[in-house]
Amino acid sequence: MLQKYVVTKTQYAAPAPVSLELSEAAVLPIGVLTAWQGLFDHGNLPQGGRVLIAGAAGGVGSYAVQFAKQHGAYVIGTSSAASMPVLQELGIDEMIDYTKESVTDKMKDKVDLILNLSPESTEVLNTWLPLLKEGGALISAVNPADEALAAQLGVKAHRLFAREDRTLLTRVAELVDAGKLKLWITGRLPLTELATAHAMSEAGKIRGKVLITI
């Protein structure tokens, strides 16, 4: 018989939003923690600053766009054309179609922060470092940029690993229940297709969040 319970520590758990089915709430934790910590704990995005979010339409990026906009930031995001209507609904200011446009060619003004959530190589990320204002940061949840090169340019490069934060998860649940944070669930797959979901994620073919059902 499939068990529906798990043992964990209290600092890892927070009340789920009451406005969601419990299964839907499962798409929140890692996405919101990565987005928030990348923007603010590591990226130090200033109020009203400029941020480039690479992979804005993904399961982390869609939260990052919303958090940044709530912070008063000017948000630029990379995505495919298919995702742009949803990103516009989330309030994004400017979009770059990564399938047709180069980030370095498209960017006109420098930004305070680059939050990379896409599988770009270190070599590509290094070409983005000059897009940062002095003292800015490139925070990457995937491959890292060259920290030594970043230091030479007067900016920072950091590899992001999300950590548990019960207080933040509680706050996020409140935002969801208040209608101030939107979930973007684009698909539902049975547990037997978990490998398929991983393959899609690694290939960058998942928009929003795919919910694994049991």
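The values are calculated or read from the model by the stated rules, or taken from the named source; none is laboratory data. The structure presented is a predicted model; accordingly, all values stated were derived computationally and were not measured. Glycine gets a Cβ as well: all are built from the backbone with ideal geometry, and neighbour counts include every protein chain shown. Protein only, heavy atoms only, side chains kept; ligands, DNA and RNA dropped before computing areas. Shrake-Rupley method; radii C 1.70, N 1.55, O 1.52, S 1.80 Å.
When the residues of region 71-88 are filtered to those that are touching a residue at least 40 places away in the same chain (Cβ under 8 Å) and part of a helix (DSSP H, G or I), the one that is least open to solvent (accessible area, probe 1.4 Å) is Ser83. Among the residues of region 54-65, not one is open to solvent by 10 Å² or more (accessible area, probe 1.4 Å) and either part of a helix (DSSP H, G or I) or more than 25 Å from Ala25 (Cα to Cα) (or both). The criterion of being in a strand (DSSP E or B), modelled with pLDDT under 95 and open to solvent by 40 Å² or more (accessible area, probe 1.4 Å) does not hold for Thr99.
State yes or no: is Val51 hydrophobic (A, V, I, L, M, F, W, C), under 13 Å from the mean Cα position of the chain (by Cα) and open to solvent by less than 10 Å² (accessible area, probe 1.4 Å)? Judged against the criteria, Val51 is a match. Which of the residues spanning region 14-37 are assigned to a loop (DSSP other than H, G, I, E, B), in contact (Cβ under 8 Å) with a residue 40 or more places away in the chain and not hydroxyl-bearing (Ser, Thr, Tyr)? Listed by number, the residues that qualify are Ala14, Pro15, Ala16, Pro17, Val18, Leu20, Ala26, Val27, Leu28. Looking across region 102-121, the residues that are open to solvent by 40 Å² or more (accessible area, probe 1.4 Å) and more than 16 Å from the chain's Cα centre (by Cα) come down to Ser102, Thr104, Asp105, Lys106, Lys108, Asp109, Lys110, Ser121.
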